[in-house]
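Peer 1: Can you read through this structure? Questions will come right after.
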Amino acid sequence: MNTAAELLRASELPPLEARILLMHVLGWRRTELITRDHEALSDDAVARFDALSARRLSGEPIAQLTGKREFFRLDFDVTPDVLIPRPETELLVETALELIANIQSARVLDLGTGTGAIAISIAHARPDARVWAVDRSAAALDVARANAARLLDRSAVAFVESDWTAKLDPSLLFEVIVSNPPYIASDDSHLDQGDLRFEPSSALTDDADGLSAICAIIERAPFMLAKNGSLWLEHGYDQADAVRRLLQARGFTDVHSKRDLADIERATGGVFTA
């Protein structure tokens with residue numbers, strides 16, 4: 001007989017990961033792992049747990065194994081076609097919401113939307129906002145659209161397949177533009193480690209120095225911003241100074257960086273007044 005308690009005790013995975021996978025297999029809530037831990041499990045459930053555990057031990061991300069990742073208190077569907085939403089990216093959502101706090105029907109643009117986590121979280125928190133989400137990957141946009149349909153009460157986000165702003169209506173002007181672009185340098189060893197091995201490389205690296213996508217966005221953003229509009233970018237742990245200099249050189253003011261919960265300068269932005 002295999003019970004939940006026995007499977008968890010025998011698992012080679014870290015306890016939290018083992019619990020997440022077992023809850024996924026059984027369709028149980030966290031409390032049920034305690035209240036029902038003595039129940040005999042079916043052979044099929046045990047086999048599925050063992051199979052997922054083996055895949056996790058080989059390095060596959062938990063989010064891809066379960067197909068879900070929580071972000072800004074919402075559950076997003078995740079596939080291998082999209083970057084897995086990470087807690088530090090919530091800083092972009094929080095910043096955008098602060099910037100539009102006193103703006104009715106604010107227009108917000110999310111560049112490189114992936115799962116749609118940033119755009120959908122903003123639209124969910126501010127139903128009056130008008131949000132556009134751009135990605136050059138049709139597969140990623142399929143995931144984002146499905147997430148929006150499930151998480152939002154109405155069609156609050158407009159999805160556009162485009163290489164950054166290339167196919168956006170040039171008459172659109174936004175109060176806020178946010179982006180979590182690919183910012184890992186192509187020669188960074190982290191690309192061959194951990195979860196990153198299983199995520200789309202185009203969402204992780206610019207195949208250059210890690211700043212080329214950021215440069216492209218900063219160069220184009222002033223044409224898409226309303227007067228006194230703001231641009232905010234997520235970047236690597238060691239890129240804040242470079243991003244500040246790029247924004248200042250392009251004419252942005254009030255340029256500064258914000259730290260994530262790990263006390264790392266993770267997002268940098270400024271205001272365009274010209």
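The values are calculated or read from the model by the stated rules, or taken from the named source; none is laboratory data. If you're wondering where the values come from, they're calculated on a predicted model, not measured in any experiment. Positions of Cβ are backbone-derived with ideal geometry, glycine not excepted, and every protein chain shown enters the neighbour counts.
This table checks each residue for (1) at pLDDT 95 or above; (2) part of a helix (DSSP H, G or I); (3) touching a helix residue (DSSP H, G or I) at 6+ places or on another chain (Cβ under 6 Å).
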{"position": "Val108", "(1), (2), (3)": "yes, no, yes"}
{"position": "Thr113", "(1), (2), (3)": "yes, no, yes"}
{"position": "Ala119", "(1), (2), (3)": "yes, yes, no"}
{"position": "His124", "(1), (2), (3)": "yes, yes, no"}
{"position": "Trp132", "(1), (2), (3)": "yes, no, no"}
{"position": "Asp142", "(1), (2), (3)": "yes, yes, no"}
{"position": "Ala148", "(1), (2), (3)": "yes, yes, yes"}
{"position": "Arg154", "(1), (2), (3)": "no, no, no"}
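Peer 1: Name the single residue, out of those in the stretch 254-274 being polar (S, T, N, Q) and in contact with a helix residue (DSSP H, G or I) (Cβ under 9 Å, 6 or more places away or on another chain), that is surrounded by the fewest Cβ atoms within 10 Å (Cβ to Cβ).
Peer 2: Start the filter on the stretch 254-274 by keeping residues that are polar (S, T, N, Q), which leaves 257, 268, 273.
Right, trim to in contact with a helix residue (DSSP H, G or I) (Cβ under 9 Å, 6 or more places away or on another chain) and you get 257, 268.
On the way: Ser257: 19, Thr268: 25.
In this case the residue turns out to be Ser257.
Peer 1: Continuing with this model, one more query. Out of all the residues in the stretch 156-182, which are in contact (Cβ under 8 Å) with a residue 60 or more places away in the chain and in a strand (DSSP E or B)? Talk me through it step by step, then tell me what you get.
Peer 2: Of the residues in the stretch 156-182, the ones in contact (Cβ under 8 Å) with a residue 60 or more places away in the chain are 172-182.
The answer is Phe174, Glu175, Val176, Ile177, Val178, Ser179.
Peer 1: Please work out which residue is surrounded by the most Cβ atoms within 10 Å (Cβ to Cβ), limiting yourself to the stretch 19-31 and to residues that are outside any helix (DSSP H, G or I) and of a type outside the set (D, E, K, R).
Peer 2: Trp28
Rundown of residues vs (1) in a loop (DSSP other than H, G, I, E, B); (2) surrounded by 14 or more Cβ atoms within 10 Å (Cβ to Cβ); (3) free of Cβ contacts under 8 Å to residues at least 60 places away in the same chain; (4) touching a Phe, Trp or Tyr at 6+ places or on another chain (Cβ under 8 Å), yes/no style:
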| position | (1), (2), (3), (4) |
| --- | --- |
| Arg9 | no, no, yes, no |
| Glu17 | no, yes, yes, no |
| Leu33 | no, yes, yes, no |
| Asp37 | yes, yes, yes, no |
| Arg48 | no, yes, yes, no |
| Thr89 | no, yes, no, yes |
| Leu92 | no, yes, no, yes |
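Peer 1: Still on this structure: Conditions first: (1) under 15 Å from the mean Cα position of the chain (by Cα); (2) assigned to a loop (DSSP other than H, G, I, E, B). Asp128 passes all but one, so which condition is the exception?
Peer 2: For Asp128, the failing item is (1).
Peer 1: Return yes or no: is Arg266 touching an Asp or Glu at 6+ places or on another chain (Cβ under 6 Å) and not hydrophobic (A, V, I, L, M, F, W, C)? Steps first, please.
Peer 2: Details: touching an Asp or Glu at 6+ places or on another chain (Cβ under 6 Å): yes; not hydrophobic (A, V, I, L, M, F, W, C): yes.
For Arg266, the condition - touching an Asp or Glu at 6+ places or on another chain (Cβ under 6 Å) and not hydrophobic (A, V, I, L, M, F, W, C) - is met.
Peer 1: Further question: Can you pull out the residues in the stretch 50-87 that are assigned to a helix (DSSP H, G or I) and either touching a residue at least 12 places away in the same chain (Cβ under 8 Å) or of a type outside the set (A, V, I, L, M, F, W, C) (or both)? Break it down into steps so the answer makes sense when it comes.
Peer 2: Going through the stretch 50-87, the residues assigned to a helix (DSSP H, G or I) turn out to be 50-57, 62-66, 87.
Scanning the stretch 50-87 gives Asp50, Leu52, Ser53, Arg55, Arg56, Leu57, Ile62, Ala63, Gln64, Leu65, Thr66, Pro87.
Peer 1: From the residues in the stretch 210-235 that are surrounded by fewer than 17 Cβ atoms within 10 Å (Cβ to Cβ) and of a type in the set (D, E, K, R), which one is farthest from Ser189 (Cα to Cα)?
Peer 2: Among them, the one singled out is Lys227.
Peer 1: When you scan the stretch 77-105, how many residues do you find that are of a type in the set (Ser, Thr, Tyr) and in contact with a helix residue (DSSP H, G or I) (Cβ under 9 Å, 6 or more places away or on another chain)?
Peer 2: Just the residues of the stretch 77-105 that are of a type in the set (Ser, Thr, Tyr), to begin with: 79, 89, 95, 105.
Now narrow it down to the ones that are in contact with a helix residue (DSSP H, G or I) (Cβ under 9 Å, 6 or more places away or on another chain): 79, 89.
Selection size over the stretch 77-105: 2.
Peer 1: Would you point out the residue of the stretch 182-206, among those that are closer than 20 Å to Ala139 by Cα and of a type in the set (D, E, K, R), that is surrounded by the fewest Cβ atoms within 10 Å (Cβ to Cβ)? Don't jump to the end; show me each part of the working.
Peer 2: Start the filter on the stretch 182-206 by keeping residues that are closer than 20 Å to Ala139 by Cα, which leaves 182, 195-206.
From what's left, of a type in the set (D, E, K, R): 195, 197, 199, 206.
Values: Asp195: 15, Arg197: 13, Glu199: 21, Asp206: 19.
It comes out as Arg197.
Peer 1: Now for a different question. Going through Ile62, Ile84 one at a time, which residue ends up being under 26 Å from Ala166 (Cα atoms), at pLDDT below 95, among the aliphatic types (A, V, I, L, M) and out of contact with any His (no Cβ under 7 Å at 6 or more places or on another chain)?
Peer 2: Working: Ile62 fails: under 26 Å from Ala166 (Cα atoms).
Residue meeting the stated conditions: Ile84.
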